[in-house]
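Student: Mind looking over this structure? Questions follow.
The values are calculated or read from the model by the stated rules, or taken from the named source; none is laboratory data. Not measured: the values here are computed from a predicted model. Cβ coordinates were reconstructed from backbone atoms using ideal geometry, including for glycine residues, and neighbour counts include every protein chain displayed.
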Amino acid sequence: MKKKNYTKEELIKEYMPTLKVLAVLMFVLAAILVLLLTTDIQLISSLAADKATLSKDAKDMFFEVAASIFSNTGYLFTILTSAALFISTIKEGTPFTKKTSTILFIIALELIITGVFAPIGARYLTTSIIGERFAVKLASNDIFAGSLLSIISSFFRYGTKLQQESDETL
């Protein structure tokens, strides 16, 4: 059975409905994260007003809300970068390009940076607003996911090299 070679236009036409659904889902996720960010900011401003009477539980909640602000911001950038990856992959017709591996590596870096700096940013924010210091616990899930995605991007980089060699052979 011979594999059909699609042109870019045929690929875009075939996968456009899927691309539209993915774009809508990405937009909805981004909107939800923006709403979460505004809610977190409102919670912080309302908690910071009563900082003299905050209980230990309220201070812990304050720290969690501050951490979610930074992590939600990181996730928002990750979603937007992922959307750019999907769009460019569909338009180019093949996932094995240098651009795809670079975008995957950028997404991996965004996750690692979110995992490291969200707790540090939350500690700085809580220290500056309510004066309480919290232990910094790195988000190991984000760091693990970023590391795994970094490895996957190297596979895509290798796949790009193999694709170029295959194209040159033909």
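Student: Which of the residues that make up segment 100-134 are in contact (Cβ under 8 Å) with a residue 12 or more places away in the chain and in a loop (DSSP other than H, G, I, E, B)?
Tutor: Gly131, Glu132, Phe134
Student: What's the total number of residues in segment 54-83 that are more than 23 Å from Phe105 (Cα to Cα) and among the β-branched types (Val, Ile, Thr)?
Tutor: Residues in segment 54-83 being more than 23 Å from Phe105 (Cα to Cα) and among the β-branched types (Val, Ile, Thr): 2 in total.
Student: Name the residues in segment 68-99 that are outside any helix (DSSP H, G or I) and either surrounded by 18 or more Cβ atoms within 10 Å (Cβ to Cβ) or at negative phi (or both), would you?
Tutor: Thr94, Pro95, Phe96, Thr97
Student: Okay, moving on. Considering only segment 45-66, I want to know if a residue exists there that is out of contact with any strand residue (DSSP E or B) (no Cβ under 6 Å at 6 or more places or on another chain), of a type outside the set (Phe, Trp, Tyr), free of Cβ contacts under 8 Å to residues at least 40 places away in the same chain and part of a loop (DSSP other than H, G, I, E, B).
Tutor: Yes, segment 45-66 has at least one match.
Student: What number of residues in segment 118-151 are surrounded by fewer than 18 Cβ atoms within 10 Å (Cβ to Cβ) and at pLDDT 85 or above?
Tutor: 9
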